[in-house]
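Peer 1: To start, I am sharing the structure in question, which I have written as structure tokens.
The values are calculated or read from the model by the stated rules, or taken from the named source; none is laboratory data. No experiment lies behind these values; they were computed from the predicted model shown. Glycine also receives a Cβ, built like all others from the backbone with ideal geometry; neighbour counts cover every protein chain displayed. Accessible surface areas use protein heavy atoms only, side chains included; no ligands, DNA or RNA. Shrake-Rupley method; radii C 1.70, N 1.55, O 1.52, S 1.80 Å.
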Amino acid sequence: IHTSATSGINPVGVFCNGLEMTGGSIPGSSAEILTAKGPIGVFSLGDVTITGGSGSGSNAWVHCTTQGSIALAAKNLTVEGGGASTSTGIQTLKGNIAVVCTGNCTYTAANPTGVAVMETNGSDLLLTALGSIDLSGYTTVSTPGPTGNMLLIAGVDISIGNNTQVIANGATDTSSLTLVVDERHPTPPGIGLGAFILDSGAVLTTGSPS
């Protein structure tokens, strides 16, 4: 799904019971929901699965190429990186990202140049799941800067695996990186089994004092 108008704002809205996006085996055979400028909304009653292709450059992603917010709602969101030189996931060059899962959010990527991404440049990123958030392999979740806040909220666990990067690199005092686990039991004395799990080799960093 592409919009490519030369001027104006060109929003994209997808409403569905479930969504599967899979890149192809032929180089450059991408599966994309893409706009040059404008918001993108993907609202699914069921699961959303985004899988990068095995062909070089066969991306699978929801992407604003210049500016636009992205909102995605699903039961479970599963993103799996593809082959060499592919990008898989959710990215905007300028605009907020908000992802809400009533189940789990799972990101994984086995290839160092076939990354799985959730990224916005200079805006805010919110990821919330009533279940768990599991980020592993060559996954990057980031707000590279110059400003931007990142908030990850899980009803149970947040797991960040080896080679995974969670980066809030805003250079101002107002930028922040916040991780919340066990949100199913937010009020004392309720304590659940939710945990924050950080594997050796994972990167968790912020460029601001917070």
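Peer 1: Multiply the residue separation of L93 and N162 by 0.36 nm, subtract the distance between their alpha-carbon atoms, and state the gained length in nm to one decimal.
Peer 2: Gain in length upon complete extension: 22.2 nm.
Peer 1: Of T22, T51, which has the most accessible area and how do the rest follow, probe 1.4 Å?
Peer 2: The residues order as T22, T51, largest area first.
Peer 1: Taking the Cα-to-Cβ direction at T66 and at V14 and moving 7 Å from each Cα, how far apart do the two end points lie in nm?
Peer 2: The two pseudo-label positions are separated by 2.3 nm.
Peer 1: Counting only heavy atoms of the protein chains, get the accessible area per residue of the chain (1.4 Å probe) and round it to a whole Å² value.
Peer 2: 43 Å²
Peer 1: Taking the Cα centre of the chain as origin and charging only Cβ (+1 Lys, Arg; -1 Asp, Glu), how large is the dipole, in debye to the nearest 20?
Peer 2: Magnitude of the dipole: close to 360 debye.
Peer 1: Heavy atoms only, 1.4 Å probe, whole protein assembly: order E20, E183 by accessible area, highest first.
Peer 2: E20, E183
Peer 1: Considering region 1-67, what Rg and Dmax in Å follow from its alpha-carbon atoms?
Peer 2: 12.6, 35
Peer 1: Would you mind checking which residues have amide H under 5 Å from M118's amide H? H placed 1.01 Å from N; only 5 or more apart, or other chain.
Peer 2: I90, T140, V141, S142
Peer 1: When only alpha-carbon atoms are used, what values of Rg and Dmax, in angstrom, describe the chain?
Peer 2: For the chain, the Cα-based Rg and Dmax read 16.5, 56 Å.
Peer 1: For the full complex of protein chains and a 1.4 angstrom probe, list S200, S123 by accessible area with the highest value first.
Peer 2: Greatest to least solvent exposure: S200, S123.
Peer 1: Further, regarding this structure: Is region 22-140 rounded, prolate or oblate when judged by the Cα gyration tensor, a ≥ b ≥ c being the square roots of its eigenvalues, rounded requiring a/c under 1.5 and prolate requiring a/b larger than b/c?
Peer 2: oblate
Peer 1: For D134, what is the net charge nearby, where nearby means another residue's Cβ is under 14 Å from its Cβ and Lys, Arg count +1, Asp, Glu -1?
Peer 2: -3
Peer 1: Each residue of region 148-156 in order: what ³J(HN,Hα) in whole Hz does its phi give by Karplus 6.51 cos²θ - 1.76 cosθ + 1.60, θ = phi - 60°, with x for Gly and Pro?
Peer 2: Ordered by residue, 3J(HN,Hα) equals x, 10, 10, 10, 10, 10, 10, x, 10 Hz.
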